[in-house]
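Read the structure below first, then the notes.
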Amino acid sequence: MPEPFDRLLNATADLDTPFAIVDEPALWANADDLVRRAAGVPIRVASKSVRVRSIIERTLARDGFAGVMSYSLAESNWLADHGIDDILLAYPTTSRAALADLVADDRRRAAITVMVDSTETIDHLDQLLGAGHPAIRVCIDVDASLKLGPVHLGVRRSPVHSAQQASALAAAIAARPGFDLVGVMFYDAQIAGLPDSSPAVRLVKKRSAAELLDRRSTVIAAVSDHTKLEIVNAGGTGSLEVTGADPAITELTAGSGLFTPTLFDGYDAFEARAAAYFVLSVVRKPTPDIATLFAGGYIASGPTNKNRQPSPTWPAGLALIGTEGAGEVQTPVKGKAARDLGVGDRVVMRYAKAGEMCERFDRVALVSVDGDVELLPTYRGEGKSFG
Ligand SMILES: Cc1ncc(COP(=O)(O)O)c(C=O)c1O
């Protein structure tokens with residue numbers, strides 16, 4: 001059996017399936033590669049793409065990483081309570097309970113920056129927090145999509161696109177007690193989250209990077225008329241070198257590149273080195289060349305195409321069956337390699353996305369280069385499910 005599967009499977013032979021593995025040498029090689037690609041710009045760790053607190057903390061302890069990009073305010077409070085002191089919540093919140101917890105504690109308030117993108121969000125926060133609430137740190141999410149006539153390339157998030165719109169919102173925040181505007185964020189999903197699958201994609205990415213280089217500087221200048229910006233955040237795993245080359249940026253974000261799930265195969269800028277897997281057992285053999293595994297129906301979020309399915313990875317040459325896919329309780333796999341599989345044998349799978357996989361497991365087995373195993377609780381294993 002080739003590396004890393006011999007090491008990973010030998011090390012975890014005593015664990016009952018299904019379980020998740022993180023390959024430690026691959027994880028830290030990926031971290032080093034992210035830092036190399038960021039070329040000196042600090043990287044904020046996207047927690048949604050990890051969802052294992054100890055791995056987030058160990059990543060933060062490495063040179064080149066600073067701060068967490070979180071996805072829920074309850075999560076942010078929890079991370080702050082565990083000592084993380086720089087947390088950028090990248091998505092708006094409407095959680096009354098989490099907002100109450102935020103303003104109830106000065107440490108949390110100092111550590112956490114909340115995302116806003118309109119006066120409607122600010123009004124809503126004011127309404128939930130109540131009049132005269134202590135000041136909270138906020139950051140404006142600026143839409144970083146590429147607009148080509150009626151065509152919108154990128155995610156659907158913030159209504160703030162132009163420097164004028166950003167300036168108007170910054171002015172409204174500056175005039176509003178209870179809010180300290182400290183940052184702007186530009187997430188270039190159409191560059192960072194799109195594999196380089198064709199010359200057309202490469203061209204669009206190039207065009208978008210050029211448009212953003214111009215627009216970011218005008219937005220930053222417009223917002224800086226109203227406040228002193230501490231944070232100018234941009235990028236993601238797939239865009240570190242392009243986005244990080246803009247001197248206007250103070251920090252990048254990456255998370256998926258640590259685990260490198262299958263949706264991050266196929267980028268020109270980096271080698272796809274898988275670091276996260278899950279392991280299933282063969283429980284039956286309906287025919288000699290089909291092995292049916294227990295569990296495995298872990299479908300990733302996003303447009304529900306085949307590329308959201310998990311991928312049988314070891315033994316090589318296995319495939320899911322089109323009529324069943326990865327099932328709620330049973331996942332049949334077929335192929336020549338299935339002939340050599342018997343009941344009780346193990347199949348190594350990769351998930352399509354990164355941290356989302358951890359919602360399925362209470363812990364991950366971190367396997368060292370020497371085959372030592374450390375069992376690390378996931379968010380779920382710590383009794384946390386943030387969305
Ligand atoms: C705001 C924001 N920044 C950055 C990222 C990049 O994260 P990752 O490197 O895990 O793809 C994302 C991912 O969706 C995001 O929503």
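Residue check: GLN309 meets all listed conditions (1) modelled with pLDDT under 95; (2) more than 16 Å from the ligand (Cβ to nearest atom) but one, namely (1). Taken together, the residues in region 56-77 that are over 11 Å from the mean Cα position of the chain (by Cα) and open to solvent by 30 Å² or more (accessible area, probe 1.4 Å) amount to 9.
Being touching a residue at least 60 places away in the same chain (Cβ under 8 Å) and more than 19 Å from the chain's Cα centre (by Cα) is the filter here, so list the residues in region 284-312 that pass it.
Step one: of region 284-312, the residues touching a residue at least 60 places away in the same chain (Cβ under 8 Å) are 294-296, 298.
Correct list: PHE294, ALA295, GLY296.
For region 28-116, no helices (runs of 4 or more DSSP H) sit wholly inside it while including 3 or more residues that are touching a strand residue (DSSP E or B) at 6+ places or on another chain (Cβ under 6 Å), at pLDDT below 95 and away from the ligand (no atom under 16 Å from the Cβ). All conditions but one from (1) open to solvent by less than 50 Å² (accessible area, probe 1.4 Å); (2) part of a loop (DSSP other than H, G, I, E, B); (3) within 21 Å of GLU382 (Cβ to Cβ); (4) more than 16 Å from the ligand (Cβ to nearest atom) apply to THR17; the one that does not is (3). The residues in region 227-254 that are open to solvent by 50 Å² or more (accessible area, probe 1.4 Å) and either within 16 Å of the ligand (Cβ to nearest atom) or assigned to a helix (DSSP H, G or I) (or both) can be counted, and the count is 3. So which pairs qualify, if the first residue must be in region 255-282 and more than 20 Å from ALA234 (Cα to Cα) and within 14 Å of the ligand (Cβ to nearest atom), the second must be in a strand (DSSP E or B) and open to solvent by 20 Å² or more (accessible area, probe 1.4 Å), the Cβ gap must be under 7 Å, and the two must be at least 6 apart or on different chains? Taking only residues 6 or more apart or on different chains, the pairs are PRO261/ARG350; THR262/SER311; THR262/ARG350.
If the requirement is being in contact with an Asp or Glu (Cβ under 9 Å, 6 or more places away or on another chain) and in the same structural domain as GLY238 (by TED's automatic domain parsing), which of these qualifies: ALA111, ALA61, ALA97, ALA46? Talk me through it step by step, then tell me what you get.
Values: ALA61 fails: in contact with an Asp or Glu (Cβ under 9 Å, 6 or more places away or on another chain); ALA97 fails: in contact with an Asp or Glu (Cβ under 9 Å, 6 or more places away or on another chain); ALA46 fails: in contact with an Asp or Glu (Cβ under 9 Å, 6 or more places away or on another chain).
Result of the check over ALA111, ALA61, ALA97, ALA46: ALA111.
Sub-9 Å Cβ pairs linking a first residue in region 227-250 that is not assigned by TED's automatic domain parsing to the domain that holds VAL41 to a second residue that is surrounded by fewer than 18 Cβ atoms within 10 Å (Cβ to Cβ), at least 6 apart or interchain, number zero. Quick one: is THR121 buried (at least 20 other Cβ atoms within 10 Å of the Cβ), more than 14 Å from the ligand (Cβ to nearest atom) and within 23 Å of GLY178 (Cβ to Cβ)? Against the criterion (buried (at least 20 other Cβ atoms within 10 Å of the Cβ), more than 14 Å from the ligand (Cβ to nearest atom) and within 23 Å of GLY178 (Cβ to Cβ)), THR121 qualifies. Each residue in region 34-55 was checked for being closer than 29 Å to VAL242 by Cβ and open to solvent by 30 Å² or more (accessible area, probe 1.4 Å), and 6 pass. Candidates are the residues of region 151-165 that are under 12 Å from GLN190 (Cβ atoms) and among the β-branched types (Val, Ile, Thr); the one that is nearest to the ligand (Cβ to nearest atom) is VAL155. For ILE43, the stated conditions hold: it is under 16 Å from the mean Cα position of the chain (by Cα) and either farther than 19 Å from CYS358 by Cα or in contact (Cβ under 8 Å) with a residue 40 or more places away in the chain (or both). Candidates are the residues of region 209-226 that are of a type in the set (A, V, I, L, M) and open to solvent by 20 Å² or more (accessible area, probe 1.4 Å); the one that is farthest from the ligand (Cβ to nearest atom) is ALA221. Among the conditions (1) under 22 Å from the mean Cα position of the chain (by Cα); (2) free of Cβ contacts under 8 Å to residues at least 60 places away in the same chain; (3) within 30 Å of PRO195 (Cα to Cα), VAL138 misses just one, which is (3). Scanning region 189-208 for residues that are surrounded by 15 or more Cβ atoms within 10 Å (Cβ to Cβ) and of a type in the set (Ser, Thr, Tyr) turns up just one, SER208.
Take the residues in region 155-188 that are within 28 Å of the chain's Cα centre (by Cα) and among the β-branched types (Val, Ile, Thr); name whichever of them is surrounded by the fewest Cβ atoms within 10 Å (Cβ to Cβ). Please lay out each step first, then the result.
Initially, region 155-188 is screened for residues within 28 Å of the chain's Cα centre (by Cα), giving 155-163, 165-166, 169-170, 179-188.
With the extra rule that they be among the β-branched types (Val, Ile, Thr), the set shrinks to 155, 160, 182, 184.
Numbers: VAL155: 14, VAL160: 23, VAL182: 16, VAL184: 28.
Looking at residues that are within 28 Å of the chain's Cα centre (by Cα) and among the β-branched types (Val, Ile, Thr), I get VAL155.
The values are calculated or read from the model by the stated rules, or taken from the named source; none is laboratory data. Bear in mind that the values here come from a model prediction, so they are computed numbers and not experimental data. Note: ideal-geometry Cβ built from the backbone for every residue, glycine included; neighbour counts use all protein chains shown. The area values use the complete protein model at the heavy-atom level, side chains included, leaving out ligands, DNA and RNA. Shrake-Rupley method; radii C 1.70, N 1.55, O 1.52, S 1.80 Å.
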